[in-house]
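The values are calculated or read from the model by the stated rules, or taken from the named source; none is laboratory data. Worth saying up front: this structure is predicted, and the values here are computed from it rather than measured. Methodologically, a virtual Cβ is constructed for each residue, glycine included, from the backbone with ideal geometry; neighbour enumeration extends over all protein chains shown.
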C-alpha cells in the first residue's frame, strides 16, 4: 500500500473515531454520571436518523430547520423519559424499561418504514484530493472532516459547560452529592432530568451526523449501542475526555483493519475489548487520581 493510501486511511479512521467518541459521550454521561442504565440508547440514535430522513424527504423541510427541531425535541424527550419512566427506579428496572422501549421503538420503525435500507444523502460534500510528494493521491472526504470538527466542538463545548456554567456545576454537584445539593436548596430531581435531556441533545447530534453518512435501517441502533458501550469501557465509564480519545483509537483500528483484513474486523475489535476488561477494568484513559473522584 502506498503512503498516500496510508494517509487516507489514517485520516478516515480518525474522523470515524471522532464520531464514535460523540456516540459514546452521551451514553457514558448517562451511565457514569447520572447512573442511568439506558439500554435504549441505540434505538434513540436510530430513531433520530429516521426523523432526520422523514423531515427532509416527507415533510420537505430544509436541513437547517430539521436539525434545531430535532435537537429541541430530543431535549424534551430526554427530560420526559427521566421524569416519568426512569424516575427513582432500581438499576434492574431501568434495564428492563429501557430494553422494552428499544424493542417498541424498533418495532414501530420496522412497521411504519419497513426493513428497506434508506440513504439520506449521497455526496453532500465534495472530496478533497492532493498529491503526496509523488507517493500517490490522498483523498479526504470533506463530510468526514466536518464530522471530526462537529464532534470535537460538541464534546469540548459539553465539557466546558459542565465545568464553567452554573447549570453545569449544579449538575456535577447533584451527581457527586445529591443529598448535600438538596440541602443547599437545589431541586436535585429537576436537575437530573435536565442533565438527562442535555445528554439526549448529544444523542440527536450524533444521529444527525450518522444519517448524513451511513445507511438507515431499523437494526442500526444495535451497532451504535455496542460501539458506545465499547468506547465507554475502553475510556473508563463516565470519562468524557477519555471517551473522545478512545473513540479515535477504536475508529483508527477499525478503519485500518477494514482496509487490510476486513474478515478479522469484529474479532480484533472485541479481543481489544476483552483485553481492556481483563487488564485495565477501569479504562485505558483513566488516571489513578481520577479513580478516587466522580466525573
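Things worth noting here:
- Residue 4 vs. criteria at pLDDT 90 or above, part of a helix (DSSP H, G or I) and more than 18 Å from residue 282 (Cα to Cα): no
- Qualifying residue in the stretch 103-110 (condition: touching a residue at least 12 places away in the same chain (Cβ under 8 Å), farther than 24 Å from residue 53 by Cα and either surrounded by 14 or more Cβ atoms within 10 Å (Cβ to Cβ) or over 19 Å from the mean Cα position of the chain (by Cα) (or both)): no
- Flag if residue 276 is crowded, with 16+ Cβ neighbours inside 10 Å, touching a residue at least 24 places away in the same chain (Cβ under 8 Å), over 25 Å from residue 104 (Cβ atoms) and within 16 Å of the chain's Cα centre (by Cα): no
- If you go through the stretch 176-193 and keep only what is within 18 Å of residue 83 (Cα to Cα) and under 25 Å from the mean Cα position of the chain (by Cα), you end up with 189, 190, 191, 192, 193.
- One residue stands out in the stretch 28-43 among those that are assigned to a helix (DSSP H, G or I) and in contact with a helix residue (DSSP H, G or I) (Cβ under 6 Å, 6 or more places away or on another chain): the one that is farthest from residue 221 (Cα to Cα), namely 33.
- The stretch 228-238, residues that are surrounded by 24 or more Cβ atoms within 10 Å (Cβ to Cβ) and farther than 14 Å from residue 23 by Cβ: 236
- Within the stretch 66-85, the only residue that satisfies the criterion of being assigned to a loop (DSSP other than H, G, I, E, B) and in contact with a helix residue (DSSP H, G or I) (Cβ under 6 Å, 6 or more places away or on another chain) is 85.
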